[in-house]
Amino acid sequence: MCDRPEKPLFVRYISFGCRVNSVELNSIRYELQKRGLLPCPEDTPPDICIVNTCSVTSVAESKQRRKLRALARRYPNVRIYLLGCYAQMAPHAVSELPNVQGIFDNTKKRKVIEVVTRGLGITEEWFSIHEPLGRSRVPIKVQDGCPGNCSYCIVSPLRGAPVSRPVKDVLAEISRLCDSGVAEIVLTGVNLASWGVERGKRLSELVRAIADLSPAARIRLSSLEPDYIDEGLVSTLADAQEIFCPHFHLPVQSGSDAVLAHMGRNYTVERFMEVVQRILESFPLCGITADVIVGYPTETKRDYERTTELCRRVGFHRIHSFSYSPRPGTRAYALGDGISGDVKRQRAADLQRVAESNLKKLVNRISPRHLEVVFDGPPKPSSMREGYSAEYLHVRSDSFYVPGSSVITVSKYEAKDGEVVMTAPAQ
């Protein structure tokens with residue numbers, strides 16, 4: 001039996017970067033909580049801080065350093081443990097940050113449980129969360145690693161080769177979460193669409209198995225690399241529309257064939273549009289969102305214009321625009337960073353305006369329909385709540401009270417400032 005601390009020890013958990021990092025940290029949180037280490041309330045000094053780091057851009061790294069220094073200044077006795085991509089990429093640099101007690105790369109993240117609990121063993125699988133931690137929407141990790149070799153990306157070498165979670169384990173996790181009352185489960189991975197590739201399988205096989213399970217919660221797929229979206233995946237999702245959310249997040253990265261080729265992306269704009277058309281034929285009112293990199297070293301003004309044209313043509317209603325950041329160890333690093341920060345910021349801001357315009361058009365198309373929205377957090381009178389529709393519309397309640405039911409039907413709404421706002425009480 002595990003010994004518990006004589007007095008409560010409070011642990012603060014901080015996740016930077018992708019949703020996968022958040023899932024991994026939730027798993028560690030669950031294990032430490034079983035051993036008597038409590039999640040730290042906001043107004044309580046933490047004894048320990050565990051941080052899952054990100055190395056996707058130099059800006060992200062700088063932000064993490066600032067936050068960690070501020071944390072150590074505010075809580076001079078806190079013990080900080082760093083996990084993940086940035087910790088793996090620059091262990092010497094992060095070891096010099098104040099109060100850092102341990103550094104764990106992506107292959108050894110769960111070792112932090114042993115260190116923090118003074119040598120207690122690991123008893124649970126790495127992928128699992130096991131309980132929803134008070135959330136209505138819960139991500140589960142079904143895949144890790146990436147087979148890609150994009151010129152700008154440091155994540156693939158840091159995360160390693162693809163590893164896919166077995167179908168039976170995924171189904172068991174979904175069943176547990178449904179039994180606990182979770183309303184939406186998000187399947188995540190470093191390259192989710194490549195699930196099964198190392199074993200000669202396809203993501204459509206996992207989708208079909210989940211559909212056969214008929215879970216009570218709705219299921220959302222997170223980011224899907226376009227070159228893995230084939231007719232089989234789309235048709236399998238189309239056959240299970242009562243279970244899977246009509247939402248596709250496509251990290252297109254650029255609308256220029258020249259830039260895509262230099263990035264090492266395995267598709268052209270024409271091929272990408274074929275994927276989009278295939279999706280829209282089965283899901284005519286779905287939400288489509290995107291990742292776009294602005295300021296790639298070879299990106300000309302005309303290349304960027306082609307990107308904005310593609311974003312308007314597809315109708316991405318949310319665009320996560322990254323400013324290119326040269327990462328040591330990538331092929332693109334030798335190209336330098338010739339496009340100014342001001343130009344990158346302007347291009348990113350322009351894309352957000354495109355997304356806002358696209359959102360209004362999408363809302364106008366679907367507004368006769370009701371939205372089924374999952375709100376997170378406890379209901380409070382006269383308090384705004386936020387949630388997501390199946391189409392991944394970010395919905396605010398504003399002044400309308402939203403009850404605590406898992407899924408709320410919203411019948412009247414409008415697009416405003418890049419979000420969707422309720423204009424009448426929920427049903």
Candidate set: the range 160-172, residues that are surrounded by fewer than 21 Cβ atoms within 10 Å (Cβ to Cβ) and touching a residue at least 12 places away in the same chain (Cβ under 8 Å); chosen: the one farthest from P91 (Cα to Cα): L171
Elements of type strands (runs of 3 or more DSSP E) in the range 292-407, at least 2 residues being farther than 23 Å from G255 by Cβ: 371-375, 386-389, 394-396
Members of the range 203-232 that are out of contact with any strand residue (DSSP E or B) (no Cβ under 7 Å at 6 or more places or on another chain) and over 17 Å from D169 (Cα atoms): A216, D227, Y228, I229, D230, E231, G232
Filter pass, F244 being surrounded by 21 or more Cβ atoms within 10 Å (Cβ to Cβ), under 20 Å from K141 (Cβ atoms) and in contact with a helix residue (DSSP H, G or I) (Cβ under 6 Å, 6 or more places away or on another chain): yes
Selected residue (only one of L285, L280 is outside any loop (DSSP other than H, G, I, E, B), closer than 28 Å to A209 by Cα and of a type in the set (A, V, I, L, M, F, W, C)): L280
Among residues of the range 34-92, those that are loosely packed, with under 14 Cβ neighbours inside 10 Å, part of a loop (DSSP other than H, G, I, E, B) and in contact (Cβ under 8 Å) with a residue 24 or more places away in the chain, counted: 4
Output for the range 338-376, where each listed residue is in contact with a Gly (Cβ under 8 Å, 6 or more places away or on another chain) and charged (D, E, K, R): K344, R347, E356, K361, D376
Close pairs (7 angstrom Cβ cut-off, 6 or more residues apart or separate chains): under 16 Å from V410 (Cβ atoms) in the range 346-369, β-branched (V, I, T) anywhere: V363/V420
Test for G232: is it over 20 Å from the mean Cα position of the chain (by Cα) and at pLDDT 95 or above: yes
K416, sole failed condition from (1) surrounded by fewer than 14 Cβ atoms within 10 Å (Cβ to Cβ); (2) without any contact (Cβ under 8 Å) to a residue 12 or more places away in the chain; (3) not polar (S, T, N, Q): (1)
Matching residues, the range 292-329, being of a type in the set (S, T, N, Q), crowded, with 18+ Cβ neighbours inside 10 Å and out of contact with any helix residue (DSSP H, G or I) (no Cβ under 7 Å at 6 or more places or on another chain): T307
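The values are calculated or read from the model by the stated rules, or taken from the named source; none is laboratory data. Just so it is clear, the structure is predicted and the values come from calculations on it, not from any experiment. Reconstructed Cβ throughout: ideal geometry from the backbone, glycine too, with neighbour counts over all protein chains shown.
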